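Worksheet: the structure to be examined is printed underneath.
Since every read-out is calculated from the coordinates, none of them should be taken as a lab result. Remember, it's a predicted structure, so these values are computed and weren't measured experimentally. When we count neighbours, we look across all protein chains shown, and the Cβ atoms used for this are built from the backbone with ideal geometry, even at glycine.
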Amino acid sequence: MKTIIHKADTRGFANHGWLKSHHTFSFASYQNQERMNFGALRVLNDDVVQPKMGFGTHPHQNMEIISIPLKGALSHKDSMGNKRAIEVGEVQVMSAGTGLTHSEFNDSKTDEVNFLQLWIIPEALSVEPNYEQRAFASEGKQNQLQTVVAPKDKLEGDALPISQQAYIYRTSLDAGKSVHLDIKSGQNGFYIFVVDGEVDIADTILRKRDAIGISETERIEIKANDKSELVIVEVPMN
């Protein structure tokens, strides 16, 4: 088993006033040659957007982009004609492929929006752009794994499709409970991000916003010491 630990306070940080962003991997002005990616996982940003502020229209190309709201609602508008709000409990995926533009905005006059934005390198370039979002029942992740994103050719349940052999799971664990992760492919690794709580993974204690990357193993157990919320990304390492 090979592991890499990223503690919450080692992430890059940018304060733009309207946006406060913690960067797990190199992004924009935060550049760290030892924190470029974990396999196909290229970006994991923990963003807080102030009321009545947001990201203006900007382009993306050849990237799988996943947004997971943790607090508040984020309005989305793109060049494919989609115009919707993303709320807590929902997950949004965009396959940028040949290219698209979009904007994201916090419409609230009083409340911040906090969301995770993940970028996964696609398995093929210049695919047709695609957008989907879906609400996932909270009970579906209670003390079990809930698959929210999967490869478009290997979809499971209500999982949203992306153009990569990667999966994203969510779980909410009560104190004392545990779940097991079984690798889909020997070429894959797990990147486990602790949204909240305290867990024990591979004899390592991780707390709020800590993360661990694990590869070269077939099975992992996650034990919750406190009530915990996690986002788990399984990605090809090559």
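Within the stretch 191-209, can one find any residue that is at positive phi and basic (Lys, Arg)?
Within the stretch 191-209, one or more residues are at positive phi and basic (Lys, Arg).
For Pro51, all conditions in the list (1) over 27 Å from Ala8 (Cα atoms); (2) not in a strand (DSSP E or B) hold save one; what is the number of the exception?
If we test Pro51 against (1) over 27 Å from Ala8 (Cα atoms); (2) not in a strand (DSSP E or B), just (1) comes out false.
Within the stretch 79-86, is even one residue more than 14 Å from the chain's Cα centre (by Cα) and charged (D, E, K, R)?
Within the stretch 79-86 (the criterion being more than 14 Å from the chain's Cα centre (by Cα) and charged (D, E, K, R)), the answer is yes, since at least one residue qualifies.
Leu145 versus (1) touching a helix residue (DSSP H, G or I) at 6+ places or on another chain (Cβ under 7 Å); (2) crowded, with 17+ Cβ neighbours inside 10 Å: which is the lone unmet condition?
Failed condition: (1).
Yes or no: the stretch 108-130 includes at least one residue that is part of a loop (DSSP other than H, G, I, E, B) and at positive phi.
yes
Output the residue which, of all residues in the stretch 1-26 that are among the hydrophobic types (A, V, I, L, M, F, W, C) and either over 18 Å from Asp47 (Cβ atoms) or free of Cβ contacts under 8 Å to residues at least 60 places away in the same chain (or both), is surrounded by the most Cβ atoms within 10 Å (Cβ to Cβ).
Here the answer is Phe25.
Can you name the strands (runs of 3 or more DSSP E) wholly within the stretch 193-238 that have at least 1 residues being crowded, with 21+ Cβ neighbours inside 10 Å and either of a type in the set (S, T, N, Q) or under 16 Å from the mean Cα position of the chain (by Cα) (or both)?
Those strands (runs of 3 or more DSSP E) span 211-215, 228-236.
Got a sec? Which strands (runs of 3 or more DSSP E) wholly within the stretch 134-191 have at least 2 residues that are under 18 Å from the mean Cα position of the chain (by Cα) and free of Cβ contacts under 8 Å to residues at least 24 places away in the same chain?
Ranges flagged: 146-151.
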